[in-house]
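Report on the following structure.
Derivation of every value follows stated rules applied to the coordinates shown; laboratory data play no part. Because the structure is predicted, anything quoted here is derived from the model rather than measured. Cβ: placed from backbone, ideal geometry, glycine included. Neighbour counts: every protein chain shown.
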Amino acid sequence: MPPPTRRREALLFYLFISPWLAGLLIFVAGPMLASLYLSLTRWDLLSPSRFIGLANYQEMLTGDPLFWHSLRVTTIYTLAYVPLDLVGGLACALLVNQKVRGIGLFRTVFYLPSVIAGVGYVVLWMWLLNPQAGLVNALLHHVGIQGPRWLQDPRWALPAMIGMSLWGVGRSMVIFLAGLQDIPSHLYEAAAIDGAGRWPSFWRITLPLLTPAILFNLILGVINTFQTFTNAFIATDGGPLDATLFFVLYIYRKAFQHFAMGYASSLAWVLFLIVFICTLVIFRTSGRWVFYRGEME
Amino acid sequence: MRGQGTGAGSQGAGDRRQESGVRGQEMGVGLSSGAVVHAGCGASLPWLRHAVQGAKPPRGTGDEKTRSILSGTSPLLGEVESKDAVIVQAAPASFDCAALRSGPPDSTQDAYAGVFRTDGARKVRFFPNSLRIFRTGGSAGGGRRSAIVRRLIVYGLLGAGSLVFLLPLIFMISSSLKPDYQVFDFPPRLIPNPAAWQNYPQALTYVPFGRFALNTLIIAVGAIIGNLLSCTLVAYGFARLRAPGREALFMLMLATMMLPYPVTMIPVYIIFKTLRWVNTFLPLIAPAFFGSPFYIFLLRQFFLNIPRELEDAALIDGASRLQILYRIIIPLAMPALAAIAIFNFQGVWNDFLPPLLYLHDRSKYTIALGLNFFRSTYNVRWGYLMAACVVTMLPVVVVFFLAQKQFIEGISVSGLKG
């Protein structure tokens, strides 16, 4: 191909992707730099901003117990929710991958809660977890257990929130299901001929070939849980006693209730660094445990 | 043929195909592709290897061919023996083929056919790509019984799972039909008596849910139009046009998918505040016209699967890239575009933090903000609240049921390449 045509094609490429490029500058790169600068200032939106160097970060690390507290709440939530979501999603995927009649209907039912994510989901769970008349305590009462006050009890609010999020396990289930259906059946046939049972087949074939899906769900899970906002804002507003003060909720409060834009920006950058490092670590170690089928051919 | 170069190798391959084709007919094994040894990961067949090593192929029947009868005891199928298996040797260390069956084509016995590879007729390796197991007849009643038990267990687990996922929704509907004095009955009863149908009209008129729904629809339509326009262009660029830096930019785009919303939230808010767009729908619609990485990614994957030949002809005829995009690509990509529209609709309908930041007047609330407002105002009237929940969930659930296929396929695509 002669160079002019090639240059024309390159020009055309940049023309085609220009909406996204512009968006990248306006909504991503620019704001990230601006936010980095804002994190070095004190600004309440009304009076002019004042450059204060690293004072926000210093304040955060040494003089703000709520920063550490919200970080702890979010980390506990992530460490508990993500593994449960992976195991639960995989278990559901294995179940709805069975070849029995009516399986399509079951898949729909398992996935249904993920569709209604949002405010309705949270309000519904506030009612289910209602200590006096909610479904959860009613069922517990049925088996002779006096249920706790869930979202109103500082000890139970976070576990309750983990539980209510797990109802939407269908999202990771769908990813696992796609991964399962991508595994060629001849591998199982060959294993069966060799006399391998279900359990060895699962450990030697299913799990290794699902590792890309596990990686995907793991990364998405970590990124999403660190951004938890809606659940906490609606169900508990961070309470009781800050038991569910998630990190993003704290950022929101600082920015849009206390109008400490500079301090909120420094919090946002800490969030970015945490998510970035987590993702990087997961990717870097993934070479050791993620197995792509292309590699064996 | 033995010991010859590549030319002889291909000739050998022809011989092999012919040979096994004949054999395939004889043995009633569909081996038209039998001679083509698929590359793949091999699985060892200890029991068969043993059988071959024990078998003594009559030598010298042909120049390069060796006939052999294969037999063995399969752990799965029991005693099997080939009626007339053949091993054809082509090039020196190349592969031999054999087909194995335990009986005639319409046999009621279990049988299997496959392709093997031998190195000097000593080791037999099995290529599972070519393996099919035929279970043509009842071998054991025990197997069937265990299959029924297994099926029962599967249905039991599926039923239990469905209960976990459905019971909250059933409880929601039940509560939504309970009069105030029944909502707090403990333990709660499932069927409300009498059913308080008036909960629905009352909940929906306490706050203007119609207005909220309309606002959400306006935002959704605007965002969908923006995303369809921009994402199609960008995705086509990434899928078809070659340019230096393309791969790096694509990776960058995937990376921005992982950027948490709160990181850019404050400066973007300030941009829209400076534009005096706060308290309008624009901050929720305008960004869509700059594309969304996830939708661009989905579309690009779809475009890559459209054969290039379709476009090449049009290019030679002098059509421009834009013409190709609108005349050829978009009509073919309708399912993918529909999936994006559905995702976008669901996203806008459920979105909470962005509208919370930008919409302050109650008359501008979206459905999500409206429901939250309703919750904070009528905190204890759970019957009304659940009625409002049912109504606000209904549209996304209906859309999901209507477009389930696109929905799940779209999500799956995102996972496969992740």
Please list the non-local residues whose amide H lies under 5 Å from the amide H of A:Phe291, H modeled 1.01 Å from N, same-chain partners needing a gap of 5 or more. A:Thr211
Give me the inter-chain shielding for B:389-396: mean count of other chain Cβ atoms within 10 Å, whole number please. 4
Run lengths n ≥ 4 of DSSP H only: what is the helix-derived mean residue ellipticity at 222 nm for chain A, with -39500 (n - 2.57) per run over all residues, to the nearest 500? -21500 deg cm²/dmol
Residues whose modelled amide H sits under 5 Å from the amide H of A:Thr41, counting only those 5 or more places away in sequence or on another chain, are A:Ile52
Of the DSSP H helices in chain A, the ones reaching 24 Å or more along their long axis in Cα terms and averaging at least 1.0 in Kyte-Doolittle hydropathy are A:65-96, A:207-226, A:261-289
Listed residues A:Ile282, A:Ile17, A:Ile76; largest mean-square fluctuation, Gaussian network over chain A with Cα springs below 10 Å, found at A:Ile17
Two pseudo-spin positions, 7 Å from Cα along C-beta at A:Arg101 and at A:Arg42, lie apart in nanometres by 7.4
Take peptide B:251-259, look around each residue's Cβ out to 10 angstrom, count Cβ atoms belonging to other protein chains, and average those counts. 4
Mean Cβ neighbour count within 10 Å, used as a protection proxy, ranking A:5-12, A:119-126 highest first: A:119-126, A:5-12
Per-residue Cβ counts within 10 Å, from other chains only, averaged over A:105-114: what number is that? 6
How far is it, in nm, from the label point at B:Arg211 to the one at B:Phe186 when both lie 7 Å from their Cα along the line to the Cβ? 3.7
For the peptides B:171-178, A:199-206, what is the packing order when you average, over each peptide's residues, the other Cβ atoms within 10 Å and list the highest mean first? B:171-178, A:199-206
